[in-house]
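One structure below.
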Amino acid sequence: MAENPYLPVEAKIEKIIDETSNIKTFVLKPSRKIKFETGQFVQLTIPGIGEAPFTPSSSPYQTEKIEITIMKVGLLTGKLHEMREGEIIGIRGSYGQGYPFDDFYNKEVLVLGGGVGMAPLRSLLLTLLKNVDKFRRIVLCYGAKTPEDIVYKDAFPEWKKKRKLEILRSVDKAAPGWEETEGLVTVLLDKVKMDLRNSVAVVCGPPIMMKFGTLKLLDLGYKPENIYLSMEKNMSCGLGKCGHCALGKYYVCKDGPVFKYDLIKDVPDIWL
Amino acid sequence: MKFYINRTDWGKFLGQISKTYRIYAPQEIANELAYQLLAPENVAQTIYGTYRAVQPFKTFFSLPQEKVTVVTSQPEKTIVLGVKNCDLKALQILDKIFLEGDFVDPFYRERRENTLIISSDCYQPKDTCFCTLLDNNPFPEKDFDLNVSPIDNGFLLEVGSPKGESFIASIREDLKEATSDLIEEKENKRKEAKKRVVEVNREFETKRPFSAIVKDEYASPVWEEVTKTCVECGACTNICPSCYCFLLVDTENGGKFPKVKFWDSCQHTGFARVAADVNPRAKLYERLRNRYLCKYEYRPENFGIVACTGCGRCVEACQGKIDKREVIKKLSEKEEK
Ligand SMILES: Cc1cc2nc3c(=O)[nH]c(=O)nc-3n(C[C@H](O)[C@H](O)[C@H](O)COP(=O)(O)OP(=O)(O)OC[C@H]3O[C@@H](n4cnc5c(N)ncnc54)[C@H](O)[C@@H]3O)c2cc1C
Ligand code: SF4
Ligand code: SF4
Ligand code: FES
């Protein structure tokens, strides 16, 4: 029988980790191995409820299980947050274009993340760290609303010890005990000195942060072809057919979600 | 090679064939032509040389609503008769979307492979037809299995594919090669038809191609002006032979992950909305404009094919009386004045 690209396979929720009050990480064990490259996405399904795209936050080198970090924002994500360990959901994928690591070799990699946008960026960090000798330097600038809203709280102390990796964090609104930066994530960019001739920047976060983050990077002197964005659009099929994810002439599910900024900079109204 | 067959022999042949194929052909219903499933005794009443049917050709391949849980093979072979060039052109777009790329839609492919396309020339274009404005002709030149051009008391047959070749194999020996006189007569009829479409659309001609107009005039106030009468019904996209967008909906019954695929419309408010109520095309005119950009700029950039064939269906279907030709003309005038 012909392959049916619309049909998910079963995935068991092995573990649920609370990250913040509205973000959880789901450890999934699909009934069939789902391979992915960092930055690609999968579609998760709950029968009778719906389906939505998510980018795995785990390392692509870990193939038995996939971790997905999900913020509760609506119908499907709300239902997912109500689910328990041991329950079954649907998964299909992976889809789209991930990060082109070859382009990053021997360069300084600046990673700019906001909120749950840290999900694909954790996968990115894990891939970068695994091949750390191929990159000159890795700098992560991460912003969240408050210290409580920071995801992967346990991972940061580990990461801080890593060779070649520098981490700067900010929160919009500090709380007692917060000793790092207070302010929008873009202020962190003023604190890092990157070798602009030899650096790429990767941005992932809410639309508003993507916009101001990118504009700031351009201000600092980054060329559009050295900025990589993860675009979020409405998706239905994930296969480049249903038209929902259109971004100008591109379909984000097929041509993205990771885009070089120079490819899409002339598409009108991309930040909406 | 072109053949001549008289009306009676052709009718007989179709009668034979209709035992193994389901045959759909344009029939007159309420002053419109609509594709209907033909009973063997009715095949002779097919209407060929007029304009396109009211249903878009896509309905044979991408169903308005379809369960996509299990791929089942198409039980019967189908023939669609009297398909016009505007619909053949539109099918090119659907083929690109559903059959190419990393993923193939098996449901579409199944129907596509089991359908034989018998197109025909269009000698009586409607006032809403504007294929010539988009450099298309009211007669097929490729992308058919067989084309019939009504002539004298019969038809000129043109074979367009191996599928068409084997389809007529059983009568091939009895077919007469078309004389040069008949071929010339057909060419004249085609020229006449084309002239008529050009005439009808004289007032809508623009200096720049549609693609340049929609791109250059992105910020024009005309978009908002023309959208005033749009009621967001989605008729324009549903009836369009080259609109392919759909929505997958997860239902509860039937299989582990039952999914139904519905035609969707980019004109609807929520089409592009993402979480937290962020909507890249929140305003109706932005959605209307996007449809024009999709047809005249984006798909041509992707595939080298203009995704509006000028069939005029959306012009007739629109509750708000929005005529694409008028919109483009208005957009072009702001600049060209
Ligand atoms: C490539 C990509 C990767 C992503 N990765 C992540 C990630 O790693 N983590 C994360 O938290 N988020 C991620 N997102 C965002 C995530 O997909 C959305 O938050 C999710 O779709 C919200 O779904 P919801 O049903 O909870 O929200 P809702 O606001 O309820 O719905 C979201 C969309 O679905 C539509 N919709 C809602 N209900 C229906 C219905 N009944 N029928 C039809 N349509 C309906 C809405 O119109 C809206 O467009 C990603 C998005 C993309 C595009
Ligand atoms: S946009 Fe209108 S005229 Fe063009 S192909 Fe679609 S229905 Fe026909
Ligand atoms: S058919 Fe007319 S009224 Fe209906 S959505 Fe299309 S443009 Fe608007
Ligand atoms: S999600 Fe269907 S085309 Fe991209």
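The values are calculated or read from the model by the stated rules, or taken from the named source; none is laboratory data. Note that the structure is predicted; figures quoted are calculated from it, not measured. Quick reminder, even Gly has a Cβ in these numbers, built from the backbone with ideal geometry, and neighbours come from all protein chains shown.
Of all residues in segment B:262-279 being buried (at least 22 other Cβ atoms within 10 Å of the Cβ) and touching a strand residue (DSSP E or B) at 6+ places or on another chain (Cβ under 8 Å), which is nearest to the other protein chains (Cβ to nearest Cβ)? The qualifying residue nearest to the other protein chains (Cβ to nearest Cβ) is B:A272.
How many of the residues in segment B:234-257 are within 16 Å of ligand 1 (Cβ to nearest atom) and within 12 Å of B:S62 (Cβ to Cβ)? Quick ask: steps written out before the conclusion?
Let us first name the residues in segment B:234-257 that are within 16 Å of ligand 1 (Cβ to nearest atom), namely B:234, B:245-252, B:257.
Okay, now just the ones that are also within 12 Å of B:S62 (Cβ to Cβ), so B:245-246.
Summing the residues that are within 16 Å of ligand 1 (Cβ to nearest atom) and within 12 Å of B:S62 (Cβ to Cβ) in segment B:234-257 gives 2.
If you filter segment B:254-276 down to residues that are free of Cβ contacts under 8 Å to residues at least 40 places away in the same chain and of a type in the set (K, R), you find that the one that is farthest from ligand 4 (Cβ to nearest atom) is B:K256.
Would you point out which residue out of A:V258, A:V185, A:V200 is more than 14 Å from chain B (Cβ to nearest Cβ) and within 16 Å of ligand 1 (Cβ to nearest atom)?
A:V258
Among residues of segment B:226-253 that are within 14 Å of another protein chain (Cβ to nearest Cβ), those with a beta-carbon under 6 Å from a residue that is away from ligand 1 (no atom under 16 Å from the Cβ) and hydrophobic (A, V, I, L, M, F, W, C) at least six positions away or on a different chain give the pairs B:T237/B:C243; B:C240/B:C314; B:S242/B:A90; B:S242/B:I93; B:S242/B:A307; B:Y244/B:L94; B:Y244/B:I97.
For segment B:297-311, filtered to residues that are more than 12 Å from chain A (Cβ to nearest Cβ) and buried (at least 17 other Cβ atoms within 10 Å of the Cβ), the residue that is farthest from ligand 2 (Cβ to nearest atom) is B:V306.
Evaluation of A:L220 against the conditions (1) away from ligand 4 (no atom under 16 Å from the Cβ); (2) surrounded by 23 or more Cβ atoms within 10 Å (Cβ to Cβ) shows that the sole unmet condition is (2). The set of residues in segment A:232-255 that are within 9 Å of ligand 1 (Cβ to nearest atom), within 12 Å of B:A272 (Cβ to Cβ) and outside any loop (DSSP other than H, G, I, E, B) contains only A:V252. Looking at segment B:200-230, which of the residues that are more than 24 Å from the chain's Cα centre (by Cα) and either on the phi > 0 side of the Ramachandran plot or of a type in the set (A, V, I, L, M, F, W, C) (or both) is farthest from ligand 2 (Cβ to nearest atom)? By that ranking, first place goes to B:A219.
Conditions tested, residue by residue: (1) in contact (Cβ under 8 Å) with a residue 40 or more places away in the chain; (2) more than 16 Å from the chain's Cα centre (by Cα).
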position	(1), (2)
B:I23	yes, yes
B:F60	yes, no
B:K67	yes, yes
B:T72	no, yes
B:K77	yes, yes
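Restricted to segment B:133-166, and to residues that are part of a helix (DSSP H, G or I) and out of contact with any helix residue (DSSP H, G or I) (no Cβ under 8 Å at 6 or more places or on another chain), which residue is farthest from B:C311 (Cα to Cα)? So that I can check it myself, show each step before the final result.
First pass over segment B:133-166, keeping only residues part of a helix (DSSP H, G or I): B:133-134, B:162-166.
Next cut, out of contact with any helix residue (DSSP H, G or I) (no Cβ under 8 Å at 6 or more places or on another chain) only: B:162-166.
On the way: B:P162: 28, B:K163: 26, B:G164: 25, B:E165: 28, B:S166: 30 Å.
My answer is B:S166.
Exactly one residue out of B:T115, B:T132, B:T128 is over 30 Å from B:F210 (Cα atoms) and among the hydroxyl-bearing types (S, T, Y), and it is B:T115. Evaluated against (1) more than 24 Å from B:M1 (Cα to Cα); (2) at pLDDT 95 or above; (3) not charged (D, E, K, R), B:N137 falls short on exactly one condition, (1). What residue, among those in segment A:70-89 that are of a type outside the set (A, V, I, L, M, F, W, C) and in contact (Cβ under 8 Å) with a residue 60 or more places away in the chain, is nearest to the other protein chains (Cβ to nearest Cβ)? Among residues in segment A:70-89 that are of a type outside the set (A, V, I, L, M, F, W, C) and in contact (Cβ under 8 Å) with a residue 60 or more places away in the chain, the one nearest to the other protein chains (Cβ to nearest Cβ) is A:E87.
Among the residues making up segment B:225-244, a single one is farther than 15 Å from B:K329 by Cα, touching a Lys or Arg at 6+ places or on another chain (Cβ under 9 Å) and among the charged types (D, E, K, R): B:E232. Taking segment A:90-112 as the range and being within 14 Å of chain B (Cβ to nearest Cβ), among the hydroxyl-bearing types (S, T, Y) and either part of a loop (DSSP other than H, G, I, E, B) or in contact with a helix residue (DSSP H, G or I) (Cβ under 8 Å, 6 or more places away or on another chain) (or both) as the test, only A:Y95 passes. If the condition is being assigned to a loop (DSSP other than H, G, I, E, B), within 16 Å of ligand 3 (Cβ to nearest atom) and among the small types (G, A, S), then segment B:198-237 contributes only B:G234. So, in segment B:288-337, exactly how many residues are part of a helix (DSSP H, G or I) and touching a residue at least 24 places away in the same chain (Cβ under 8 Å)? Number satisfying all stated conditions: 31. Within segment A:55-67, the set of residues being surrounded by fewer than 24 Cβ atoms within 10 Å (Cβ to Cβ) and touching a residue at least 24 places away in the same chain (Cβ under 8 Å) comprises A:S58, A:S59, A:P60, A:Y61, A:T63, A:E64, A:K65, A:E67. Among the residues of segment A:225-245, count how many are facing chain B (nearest Cβ under 7 Å) and out of contact with any Gly (no Cβ under 7 Å at 6 or more places or on another chain). Residues flagged as facing chain B (nearest Cβ under 7 Å) and out of contact with any Gly (no Cβ under 7 Å at 6 or more places or on another chain) within segment A:225-245 amount to 10.
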